[in-house]
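For reference, the structure is listed below as C-alpha cells.
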Amino acid sequence: MNPRRILFLVLLIATLSGCDDTPKVRLVGSPAPDFTLQDSDHAVSLHDFRGKLVILNFWTSWCEPCIEEMPSLIRMQAQMSPRVTVLGVSTDIDEGKYHKFLRDFKVNFPTVWDPKRKSSDMYGTTGQPETFVIDSSGMLRRKFIGPIDWTSPEIVEYLNKL
C-alpha cells in the first residue's frame, strides 16, 4: 500500500476515533449522581430534594459568567419555589470569598461550598457555570454550559413542562 494512503488512513482513524477535546454532555437521561457535602455551615445531600425539580448549579465567585447568571437564578427561585429548587455548589478555593458572594448577591437558595470539587467531578464539569436540570424522580434531564437567563419565557416553559 502507498505510504501516503497509510498516513491518510491513520489520520482519518485518529480523527474519527474521538481525538476531540470538546466537552461531552454526560449523564443526561440517567439518574443524577447523589452526593452529600459538608461545609462549615451545614450538610447538603442531593437526595433530600427528591420530589422537586432541582436546578444544580456549579459556580465560583470570581467567574464573570457566574456573576452574570446569578441574578436570574435568584429571580427564578423566588418565582418557581416551592416546586423548583436551585441548589448551588461553589467550587471556590477561598471560603471567605464564597460567603462574601452569598451576602453580596443575597442568594436565596441552598448552597454548599465544595473546594475539593467532589460533586463537580461526579458530574464531569469542565468550567463554570454549568447547570444540570434534575427532575422530581432524580433523572438528569438537561445540562447547560455557560450563563443562562433562567427567567426567559423559553426556560420557564421548559421547566414547567417537567
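No value in this document is a laboratory result; all are computed from the given coordinates. Remember, predicted model here, so these are calculated numbers, not experimental data. As a convention, Cβ positions derive from the backbone with ideal geometry for all residues, glycine included, and neighbour counts pool all protein chains shown.
Sequence-distant or interchain residues sharing an amide H contact under 5 Å with GLY88, placed H: which?
Under 5 Å from the amide H of GLY88: ASN57, THR111, VAL112.
Taking 2.2 N^0.38 Å as the expected size of a compact globular protein, what ratio does the Cα radius of gyration of segment 16-162 give against it, to two decimals?
Dividing the Cα Rg of segment 16-162 by 2.2 N^0.38 Å gives 1.00.
Between beta-carbons, use under 13 Å as the cut-off and find the net charge around SER152, counting Lys and Arg +1, Asp and Glu -1.
-3
Residue-wise, which Karplus ³J(HN,Hα) couplings in Hz belong to segment 136-152, taking 6.51 cos²θ - 1.76 cosθ + 1.60, θ = phi - 60°, and x for glycine or proline?
5, 8, x, 8, 7, 9, 7, 10, 10, 10, x, x, 10, 8, 6, 9, 5
Taking the Cα-to-Cβ direction at SER45 and at ASP94 and moving 7 Å from each Cα, how far apart do the two end points lie in nm?
Computed distance between label sites SER45 and ASP94 equals 3.4 nm.
Compute the signed sum of charges (Lys and Arg +1, Asp and Glu -1) over the other residues within less than 13 Å, Cβ to Cβ, of SER81.
Combined, the nearby Lys, Arg, Asp and Glu give +3.
Considering only the other residues whose Cβ falls under 13 Å of the Cβ of LYS116, what net charge follows from Lys and Arg at +1 and Asp and Glu at -1? Don't skip to the end; give the middle numbers.
On the way: positive: ARG117, LYS118; negative: ASP39, ASP92, GLU95, ASP114, ASP121.
Result for the neighbourhood of LYS116: -3.
Amide H neighbours of MET139 under 5 Å, counting only residues 5+ apart in sequence or on other chains, H built in-plane at 1.01 Å?
ALA32
Could you compute how fast segment 103-162 diffuses translationally, taking Rh as the Kirkwood radius over C-alpha pairs and applying Stokes-Einstein at 10 °C with viscosity 1.306 mPa s? Give it in µm² per second.
Rounded to a whole number, D works out at 117 µm²/s.
Of the peptides 58-66, 35-43, 112-120, how do they stack up when ordered by the mean number of other Cβ atoms within 10 Å, highest first? Intermediate results must be reported in sequence, preceding the final value.
Numbers: 58-66: 19.3, 35-43: 13.1, 112-120: 17.6.
In decreasing order of mean packing, 58-66, 35-43, 112-120 become 58-66, 112-120, 35-43.
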